[in-house]
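Inspection log for the structure reproduced underneath, given as structure tokens.
The values are calculated or read from the model by the stated rules, or taken from the named source; none is laboratory data. Since the model is a prediction, treat every value here as computed from it, not as a measurement. Reconstructed Cβ throughout: ideal geometry from the backbone, glycine too, with neighbour counts over all protein chains shown. The protein model used for the area step is the full one, side chains on, heavy atoms only, and it has no ligands, DNA or RNA in it. Shrake-Rupley method; radii C 1.70, N 1.55, O 1.52, S 1.80 Å.
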Amino acid sequence: MDLRKLFLKANNEPETNGLLPRSRHIVCKGCGRKTPVARVRREFFVCPSCGRYYTMRARRRILMLTDKRSFTEHDRELVSRNTLGFPEYDAKLLAAREKSRENEAVICGTARIEGHEVCIFAMDSYFMMGSMGAVVGEKITRLFEYAADHRMPVVGVTVSGGARMQEGMISLMQMSKVSAAVRRHSDAGGLYIVLLTDPTTGGVDASFAMQGDITLAEPGARVGFAGPRVIEKSLNQALPKDFQRAERVLACGFIDAIVPRNEQRTVIGKLLALHEPVAARKEDSDGRL
Amino acid sequence: MEDYDIVCGARSDGRLTACDYITRMIPDFFELHGDRLYGDDRAVVAGVGTLKGMPVTVIGIEKGKTTEERIVHNFGSAHPEGYRKALRLMKQAEKFRRPVLCLVDTAGAFCGIDAEEHGQGRAIADSLAEMSALKTPVVSVILGEGGSGGALALSHADRIFMIEDAYFSVVSPESCANILWKDTARAAEAAEMLCLTAPKLQKLGLIDRVCPKNAPERLAADIAGELTVLSAMSDEALLEARYRRFRRIG
Ligand SMILES: [Zn+2]
């Protein structure tokens, strides 16, 4: 048994770590109805009354998408440093670590999805809005490199406000670093499935969120480069209601499919099966292709 | 000089724009238009010519000088079509084994409904990924403003130069001050913290050379020198070195 898994256990239930009320019910911000916590979990964190999508933590995502006890985390110990000496950044990092009970805004590792070996990353909006600094860039880069070396597909779940301001140009250039690693993985024939969740914006939208072979999104997720308020201000007009919503972005041609939470695991499993190396498929079909 | 003065200076009138540098460095420049997909974004001025006797593809983000020009060039803020034009011409350069020179001067990629719906994020993401695999040498120069992702999109190069009074930043100092303190008046403080000047970025190892201002002749010589070195490398060595260049950041 991998000892690390023992230590990870406490973190596998992040929603109870003071982030959701300890009471046995959750009050929906959409419709105001109360739902028992156990039911919310069963329903994939979607309100059973009004269908509102609740924010999901990265670790919960990985649990939801992967086969039981198949996840092994990579690079959990990497923590950000305040390289530029940016005021208040150290305190912010500390607060983010306490609030999220995670070391950084992305969790990476290997797992199985419906029996398929994958590299997986999931971003966490509870850690500084899922912003990308050097550690987020490094972890995702290492994951793509590992996947290329081991000829594995990558499944990624994005949620991010963009590059992390407190690390200046170091964070902006993580977009370049990750993009190069994604490209190498792709050139090696690797499959990359990305699932865009609410919100995926800024530097993450303008890099690895938009570099998947297959781009999936959650219903209603905000996906876009510029912040809507910035655009509204510069245009001096209200934006269309569906602007930067996954459904609209799909209609514009930038998303392959919108997949509800309860179907995500099956859909990703099916796509992985379709991309199995021919040799593996051969065996399955008795040598007939 | 205070860092914020550099930012204001980089935005001010009377600076040499991308077209000024192109005219002075590439006298036989021939402009090529259009992304072959949707349109021709004039914020990006691109074409072919010879730099110190070397055929190159040059891609510049142009702000314009007169009001009329500025409107034509959309004040130097490119739409996705501009990045796609740039990418088309970079792929063409690769085909004909011509080095690529990018001249960057932009407050940022354009923010608007059309830009978003034509895939601004995707256009930048494509530029980054494709440039990382481009089998020809690339040098990028930040001439004035290096505004966030819109500037980064044309900076995935083997060498990044900056003019001594240019800036390159993850976010504008005003936005940074607004996010931190809800007070854009504190932009000068923010500028100091963001480490956005050429000497600071060189010290961090993020850019490769600081070039004197108002010296296109000297810049042309420096670029030609680098391109000669880079052109002597094999494709594999060039791409590996480019990968390492960004891999070590952070
Ligand atoms: Zn509800």
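Can you tell me which residue is farthest from the other protein chains (Cβ to nearest Cβ) among those in the stretch B:95-113 that are touching a helix residue (DSSP H, G or I) at 6+ places or on another chain (Cβ under 9 Å) and farther than 15 Å from residue B:155 by Cα? Top of the filtered list is B:98. Taking the stretch B:1-36 as the range and being of a type outside the set (Asp, Glu), touching an Asp or Glu at 6+ places or on another chain (Cβ under 7 Å) and farther than 28 Å from residue B:198 by Cβ as the test, the residues that pass are B:33, B:34. Pairing residues of the stretch A:30-52 that are part of a strand (DSSP E or B) and open to solvent by 70 Å² or more (accessible area, probe 1.4 Å) with residues that are of a type outside the set (D, E, K, R) and more than 8 Å from the ligand (Cβ to nearest atom), at Cβ distances under 6 Å and at least 6 apart in sequence or on separate chains, gives A:34/A:25; A:34/A:27.
Evaluating residue A:42 against the criteria (1) charged (D, E, K, R); (2) within 16 Å of the ligand (Cβ to nearest atom); (3) under 30 Å from residue B:177 (Cα atoms) leaves one unmet condition, (3). Could you tell me whether any residue of the stretch A:212-219 is touching an Asp or Glu at 6+ places or on another chain (Cβ under 6 Å), more than 11 Å from every other protein chain (Cβ to nearest Cβ) and open to solvent by less than 10 Å² (accessible area, probe 1.4 Å)? The answer is no, given that none of the residues of the stretch A:212-219 is touching an Asp or Glu at 6+ places or on another chain (Cβ under 6 Å), more than 11 Å from every other protein chain (Cβ to nearest Cβ) and open to solvent by less than 10 Å² (accessible area, probe 1.4 Å). Yes or no: residue A:112 at pLDDT 95 or above and either in contact with a helix residue (DSSP H, G or I) (Cβ under 7 Å, 6 or more places away or on another chain) or surrounded by 19 or more Cβ atoms within 10 Å (Cβ to Cβ) (or both)? When the stated conditions are applied, residue A:112 does not pass them. The helices (runs of 4 or more DSSP H) found entirely in the stretch B:161-203 that carry 3 or more residues being within 13 Å of another protein chain (Cβ to nearest Cβ) and in contact with a Ser or Thr (Cβ under 9 Å, 6 or more places away or on another chain) are B:173-181, B:187-194. Checking the structure you have, find out if any residue of the stretch B:233-250 is in contact with a helix residue (DSSP H, G or I) (Cβ under 8 Å, 6 or more places away or on another chain), crowded, with 24+ Cβ neighbours inside 10 Å and over 22 Å from residue B:56 (Cα atoms). Checking the stretch B:233-250: at least one residue is in contact with a helix residue (DSSP H, G or I) (Cβ under 8 Å, 6 or more places away or on another chain), crowded, with 24+ Cβ neighbours inside 10 Å and over 22 Å from residue B:56 (Cα atoms).
For the stretch A:147-169, the criterion of being more than 26 Å from residue A:274 (Cα to Cα), buried (at least 24 other Cβ atoms within 10 Å of the Cβ) and in contact with a His (Cβ under 6 Å, 6 or more places away or on another chain) is met by none of the residues.
Considering only the stretch B:100-117, I want to know if a residue exists there that is farther than 29 Å from residue B:221 by Cβ and touching a Cys at 6+ places or on another chain (Cβ under 7 Å). Yes, because at least one residue in the stretch B:100-117 is farther than 29 Å from residue B:221 by Cβ and touching a Cys at 6+ places or on another chain (Cβ under 7 Å). Given the criterion within 14 Å of chain A (Cβ to nearest Cβ) and out of contact with any helix residue (DSSP H, G or I) (no Cβ under 6 Å at 6 or more places or on another chain), identify the matching residue among B:116, B:31, B:68. Result: B:116 is the single residue among B:116, B:31, B:68 that is within 14 Å of chain A (Cβ to nearest Cβ) and out of contact with any helix residue (DSSP H, G or I) (no Cβ under 6 Å at 6 or more places or on another chain).
Residues in the stretch A:1-36 that are of a type in the set (A, V, I, L, M), within 16 Å of the ligand (Cβ to nearest atom) and at pLDDT below 90: A:20, A:26. Scanning the stretch B:139-149 for residues that are open to solvent by less than 10 Å² (accessible area, probe 1.4 Å) and at the interface with chain A (Cβ under 9 Å from one of its Cβ atoms) yields B:146, B:149.
Only strands (runs of 3 or more DSSP E) whose full extent lies in the stretch A:93-183 are considered here, and the ones with at least 1 residues that are of a type in the set (Ser, Thr, Tyr) and either more than 8 Å from chain B (Cβ to nearest Cβ) or closer than 18 Å to residue A:76 by Cα (or both) are A:106-113, A:154-160.
Is it true that residue A:160 is in contact with a Gly (Cβ under 9 Å, 6 or more places away or on another chain) and of a type in the set (S, T, N, Q)? Criteria met by residue A:160. Could you tell me whether any residue of the stretch A:227-240 is outside any loop (DSSP other than H, G, I, E, B), within 10 Å of chain B (Cβ to nearest Cβ) and open to solvent by less than 10 Å² (accessible area, probe 1.4 Å)? Yes, some residue in the stretch A:227-240 is outside any loop (DSSP other than H, G, I, E, B), within 10 Å of chain B (Cβ to nearest Cβ) and open to solvent by less than 10 Å² (accessible area, probe 1.4 Å).
Select, from A:169, A:175, the only residue that is assigned by TED's automatic domain parsing to the domain that holds residue A:114 and closer than 30 Å to residue A:240 by Cα.
Numbers: A:169 fails: closer than 30 Å to residue A:240 by Cα.
That would be A:175, the only listed residue that is assigned by TED's automatic domain parsing to the domain that holds residue A:114 and closer than 30 Å to residue A:240 by Cα.
Name the single residue that is nearest to the ligand (Cβ to nearest atom) among those in the stretch A:62-72 being open to solvent by 10 Å² or more (accessible area, probe 1.4 Å) and touching a residue at least 24 places away in the same chain (Cβ under 8 Å). First the steps, then the outcome.
As a first pass, look at the stretch A:62-72 and keep what is open to solvent by 10 Å² or more (accessible area, probe 1.4 Å): A:63-64, A:67-72.
So of that shortlist, the ones also touching a residue at least 24 places away in the same chain (Cβ under 8 Å) come out as A:63-64, A:67, A:69-72.
Working: A:63: 23, A:64: 19, A:67: 30, A:69: 32, A:70: 32, A:71: 30, A:72: 35 Å.
It comes out as A:64.
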